[in-house]
Amino acid sequence: MPGDAVSTIVDPRFSPEAKERLRELFGLDLPLYRQFLIYVRRMLTFDLGISFLSQRPVWEELKSRIPNTVALLGSALLLSSALGTWLGVKAARRRGGLTEKLVLVSGSVSFSFPSFFVQLVLLLLFAYTFPVFPLRGSVSIPLPESAFARALDYLWHLLLPAGSLVILGFGSWAIYVRNLMVKTLGEDFILLARAKGLPEGRILWNHAFRSALPPVLTIFLLALPGIVSGAVITETVFSLHGVGKYLLDSIMGHDYPAAGA
């Protein structure tokens, strides 16, 4: 965002002295390292300031949005990693077969398209042309009366955006796990297990996959920042009441306290 908080909120007719007093009030006259320390302290104490747009505490704005973002990203990451892992193991087990070819092709295609393109296509197909899912929002208006109906309504709104992230994310998981399992299945301890006559399924999951699990967990943790950044696009496309859309709205509205949180 160009400029600073003062240039955004003051009237152009303000005198330079008045603008400078506001800069002192916001701490913008301090050295950068002191501004950073103040920022960290406020983040740790949830003192995120007042939104310029809504005139409400930023933390109060975020509290209602964080659960929606966590539900979206958490379900998408778990489902895409589980599906990708299962497909990757199956592809490694059937080297050169149809399963491996389908996994490699579908996996490569899944992360080749821009996320917004895939999500807009899904919206056009399943929310507009064939209205199976809602077109926008996190809940229906008005809300259903019973708690069970509200939970189903929330899941109904969540399914399409979360499904789009699963489609976009499972391919990289499948290819990575497949490559890892192919290497592991060629190790000596796997040959020894087969020589002992152990069932192939037991060798695959109890020996090979268990040995490959630490790198998979590492990639799972490394994937968290990437999928969090994807919340901005996903929540904007599907008009979800989440942190990602709030961030974009804050940037577009030059709402510095909200965007900085």
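The values are calculated or read from the model by the stated rules, or taken from the named source; none is laboratory data. Fair warning: this is a prediction, and the values are worked out from it, not measured in the lab. All Cβ positions, glycine included, derive from the backbone under ideal geometry; neighbour counts span all protein chains shown.
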query = Looking at PRO144, PRO131, which is the one that is farther than 29 Å from GLY226 by Cα, modelled with pLDDT of 85 or more and either surrounded by fewer than 19 Cβ atoms within 10 Å (Cβ to Cβ) or in the same structural domain as VAL237 (by TED's automatic domain parsing) (or both)?
reply = PRO131
ask   = What single numbered condition from (1) of a type in the set (A, V, I, L, M, F, W, C); (2) buried (at least 17 other Cβ atoms within 10 Å of the Cβ); (3) assigned to a helix (DSSP H, G or I) fails to hold for LEU240?
value = (3)
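Is there a residue being in contact with a His (Cβ under 9 Å, 6 or more places away or on another chain), surrounded by 12 or more Cβ atoms within 10 Å (Cβ to Cβ) and closer than 27 Å to VAL237 by Cα anywhere in the stretch 107-125? Can you show your working first?
Step one: filter the stretch 107-125 for residues in contact with a His (Cβ under 9 Å, 6 or more places away or on another chain), giving none.
No; the residues of the stretch 107-125 include none that is in contact with a His (Cβ under 9 Å, 6 or more places away or on another chain), surrounded by 12 or more Cβ atoms within 10 Å (Cβ to Cβ) and closer than 27 Å to VAL237 by Cα.
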Members of the stretch 96-106 that are over 13 Å from VAL177 (Cα atoms) and either of a type in the set (Gly, Ala, Ser) or surrounded by 12 or more Cβ atoms within 10 Å (Cβ to Cβ) (or both) = GLY96, GLY97, THR99, LYS101, LEU102, SER106
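Given the criterion outside any helix (DSSP H, G or I) and over 14 Å from the mean Cα position of the chain (by Cα), identify the matching residue among LEU217, LEU192, LEU198. Can you show your working first?
Numbers: LEU217 fails: outside any helix (DSSP H, G or I); LEU192 fails: outside any helix (DSSP H, G or I).
LEU198 is the lone residue from the list that is outside any helix (DSSP H, G or I) and over 14 Å from the mean Cα position of the chain (by Cα).
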query = What tally of residues in the stretch 86-117 results from selecting those that are in contact (Cβ under 8 Å) with a residue 60 or more places away in the chain, assigned to a helix (DSSP H, G or I) and not aromatic (Phe, Trp, Tyr)?
reply = 15
ask   = For the stretch 10-58, how many residues are under 16 Å from TYR256 (Cα atoms) and hydroxyl-bearing (Ser, Thr, Tyr)?
value = 3
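Filter the stretch 211-251 down to the residues that are within 30 Å of ILE190 (Cβ to Cβ) and among the small types (Gly, Ala, Ser) and list them by number.
Looking only at the stretch 211-251, we keep the residues that are within 30 Å of ILE190 (Cβ to Cβ), and these are 211-223.
Scanning the stretch 211-251 gives SER211, ALA212, ALA223.
For a quick check of your reading: which helices (runs of 4 or more DSSP H) sit entirely within the stretch 6-82 and have at least 2 residues that are more than 30 Å from TYR176 (Cα to Cα) and at pLDDT 85 or above? Can you show your working first?
Working: elements: 16-26, 32-44, 58-63.
Per the criteria, 32-44, 58-63.
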ask   = Regarding SER172, is this residue assigned by TED's automatic domain parsing to the domain that holds VAL105, polar (S, T, N, Q) and closer than 17 Å to LEU83 by Cα?
value = yes
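Given ILE38, ILE66, ILE50, which one is surrounded by fewer than 19 Cβ atoms within 10 Å (Cβ to Cβ), on the phi < 0 side of the Ramachandran plot, within 22 Å of the chain's Cα centre (by Cα) and of a type in the set (Val, Ile, Thr)? I'd like the intermediate steps shown before the answer.
Details: ILE38 fails: within 22 Å of the chain's Cα centre (by Cα); ILE50 fails: within 22 Å of the chain's Cα centre (by Cα).
Unique residue meeting the criteria: ILE66.
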note = Flagged in the stretch 173-211 as among the small types (Gly, Ala, Ser) and farther than 9 Å from ALA92 by Cβ, in numbering order, are ALA174, GLY186, ALA193, ALA195, GLY197, GLY201, SER211
query = Across the stretch 147-170, what is the number of residues that are surrounded by 23 or more Cβ atoms within 10 Å (Cβ to Cβ) and of a type in the set (Ser, Thr, Tyr)?
reply = 1
